[in-house]
1. Cα centroid distance between the stretch A:309-332 and the stretch A:231-253, in Å?
2. In whole Å, largest first, what are the principal axis extents of the Cα atoms in the stretch A:455-509?
3. Using Stokes-Einstein with the Kirkwood hydrodynamic radius over Cα pairs, what translational diffusion coefficient do you get for the stretch A:296-414 at 20 °C and a viscosity of 1.002 mPa s, in µm²/s rounded to a whole number?
4. Under 19 Å Cα-Cα from B:Lys241, which lysines qualify once same-chain neighbours fewer than 8 residues away are excluded?
5. Take A:His52, B:His186 and order them by how many other Cβ atoms sit within 10 Å, fewest up front.
6. Just tell me how shielded A:488-495 is by partners: mean number of partner chain Cβ atoms within 10 Å of each residue's Cβ, no decimals.
7. Stick to the Cα atoms of the stretch B:118-261, pair each with every other, and give me the Kirkwood hydrodynamic radius in Å at one decimal.
8. Say the dipole of the protein assembly as shown comes from +1 at the beta carbon of Lys and Arg and -1 at that of Asp and Glu; which of B:Gln39, A:Ser120, A:Ser486 then lies farthest toward its positive end?
Amino acid sequence: MRRRSLVIITGALLITAPIFLNAQVTSDRLVKAADEPQNWLTYNGTYNGQRHSALKQINSANAKNLELKWVFQAQSLGTFQATPLVVDGIMYTTQAPNDVVALDAKTGRVFWMYRYTLPSEIRVCCGQVNRGLAMLGDTLFMGTVDAHLIAIDAKSGRPIWKTKVAENALGYAVTVAPLVVKDKVILGVAGGEYGIRGFMAAFDAKTGKEVWRFKIIPEPGEKGNETWPGNTWEHGGGSVWVTGAYDPALNLTYWGTGNPGPDWNPDVRKGDNLYSDSVIALDADTGQLKWHFQFTPNDGYDYDSVQVPVLADITWNNQPRKVMFWANRNGFFYVLDRTDGKFLFGKPFIKLNWASGLDANGRPIQTPQPAGAETFPGLAGGTNWFSPSFNPRTGLFYVSAWENYRNIFSKTDQEYQAGRQYTAGRGAGPMPTSPNVPTLRRGPINTWTEEMGTGVVIAIDPKTGNHEWRYPMTDVTDSGVLTTDSDIVITGSREGHFHVLDARAGNLLWKTSLGGPISSGPMTYAVDGKQYIAVNAGNSMFVFGLRD
Amino acid sequence: MSRLHFFCVVLSAGLVALGSGPRLRAQDHTGNYAPMDIQNGALLYGANCAQCHGVGGDGIPGIELKTGTFKRAPTDQDLARLLTTGIAGTAMPATQLSPGETNALVAYLRTMRDFDSPKVTVGAPATGRGLFEGKGGCTACHRVDAHGSRVAPDLSDVGATRGADFLWRKLQDPTATMRPLDRPVHVQLKSGKVVDGRRLNEDTYSLQIIDSQERLLSIMKSDVKEFTISRTSPMPSYTQKLAPQELADLVSYLVSLKGGI
């Protein structure tokens, strides 16, 4: 009612002013983001990475009444991988590669658009993509594929400052949505196929000045460098391209790191290759490493561990415990103690044969397949960057996975050349003329077919690793998962279907065809008491709500 | 003995030599490339390269293509790239060949020293067309331009996407080379109706096919009682149906099909 009164009083002003009263996004609001589920303040909605919303207007009984409210058609043919932010009725998102748009979250009408001009030559491995924004105060932050960080005024769309993060000519890029913690903007660099040397860095939100840097591939004299023979650390990879999590009580920020370089010839870098394919826990103020856990030592498959760390406080062996769930690209599901990185539990969630299991410390017992034989999973993994979700109400962890997907890996010798891809091998498809990874930009016909691997949404009981239910799909999937307090699971498919499932039973409640692959995570928000769900498919963003 | 038959015998001899230990160094290369790729490559060489490099590969002083080794292209991948991009600063131009054609040309360039080029025999596209529309019975299922059935994949541009060797193998073993998307489907609907056709597309909830009456059908899986996807191609093998010369003619015709209207 208060808002309505204001509208009447300031009616004349509303012609030019935003409809909503925008409060500043404070650090405190970010910490307590779960308390304002009408907003989506960070890439994963909340610092814990659960992608779980307390909104429950849309539920299993009325999901069949969902209808399209509006569409944002991006003026870009790049893969639409961003998760939008919604702050007090205004949505902020990016269209590939690095344009920013502010929209009325209720109608989709655009307030402003910021277009970032990229150099004509860009080195980025796997498509010029961007996964979204961070926000603090009235400022938005975006990483760019030419490896810069830009601050943009959220009301005018004007750039405020721009900082060079790394050298794009050497293959460094920023595709991750940054994470704001207190007064800093934290991000990592992509470029794992270019022989980069990955790092995390924090920048002062006001000035753009770098505050700390953590080198993911340690140099001589630093702990972990002994896991790299000779000077192989110089091009050791360890990229970061999916947003991490933050635990305010521990003041630790957690990030998953990418493959070691070169991707497919582990023989030239014998050793564990720290801190590639790991989760690193950094002090958010200093960037100091508190602990790490490596999922795939001496990786020869490109099993980036760039999944979202999912933090939860649960009862573990009858004791309350601060844990971290992780369904890894390598096919194992892990539970770690997030205070110290201790391995608590691990189990495959898909068929795999690159390892026979995990030892008592969670280290894989690797079983490399003979030359010419199929390795499960293939290079795109059992899952990948698409965000999973944890619903504390059901106690289940939901993840999009690829099953029966495999590659035949081969190694080559390759000299590092600055600015060139540095992969030293390949993962070939298992059938004649079959691709090793289905392209993200393929047309609407499923030429990949089920014989190459299929998609599934799996509800995992984190205490046992058991599958509570499975929702199989004909094609593989790149869609993230969203859950809500009304116990629904919202996800999609590469086929372009967007569907709502029952969180407890896994049955289909509603679906629609959006005509293009879903390559990011759906999110939810509310404006004026009405809940919406936003999802990107193909080159557009679609927003759904209940029929009026 | 037909001239093509002679060609095949020469290649077979090369393969045998490989199997029994290296006797003739010149033949080491031959076994690494598919006979049909070499054959098609010879055609492409004649059309694209011979004008400058000469039929025997020695048309430019100082360059002997018959050596099969090239300083700028140690690997086949390098050679394919060079053929595609040309060589900057020289008279060697970029080409517009498809990947399949480039591979064929690589195969011929690596093996041309094994043959006296003018004697290499290739199939005749015009004869192949006659076989396609006549004795081979191909148009009963396939279509080229406006002629033939739509039940099997349209072949109007098959030469733009498939190399000679693939087509050669296809004619001999259709099942082994069938694209998974093209698999035959047999659908029994809950209504009792039965539909047979070729898969055009499939997702979690539906199936798009062209049926035996050339109808485009979209079937919701929720309406289906049972459906099977066969891994066996309905196409017969032509190994026994056509003579080697006829097979070569047919392949020559197929690789000449580049689509376009």
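None of the figures in this text is laboratory data; all of them are computed from the coordinates on show. From a predicted model like this one, the values you see are computed outputs, not experimental measurements. Every residue, glycine as well, gets a Cβ built from its backbone with ideal geometry; the counts of neighbours run over all protein chains shown.
1. Computed from Cα coordinates, the inter-centre distance equals 18 Å.
2. Result, largest extent first: 31, 23, 17 Å.
3. Numbers: Rh = 15.2 Å.
This corresponds to a translational diffusion coefficient of 141 µm²/s.
4. Reachable lysines: B:Lys135, B:Lys170.
5. Numbers: A:His52 28, B:His186 13.
Least to most surrounded, the residues fall as B:His186, A:His52.
6. 1
7. Mean inverse Cα-Cα distance, inverted, gives 16.4 Å.
8. Ranked along the dipole, the leading option is A:Ser486.
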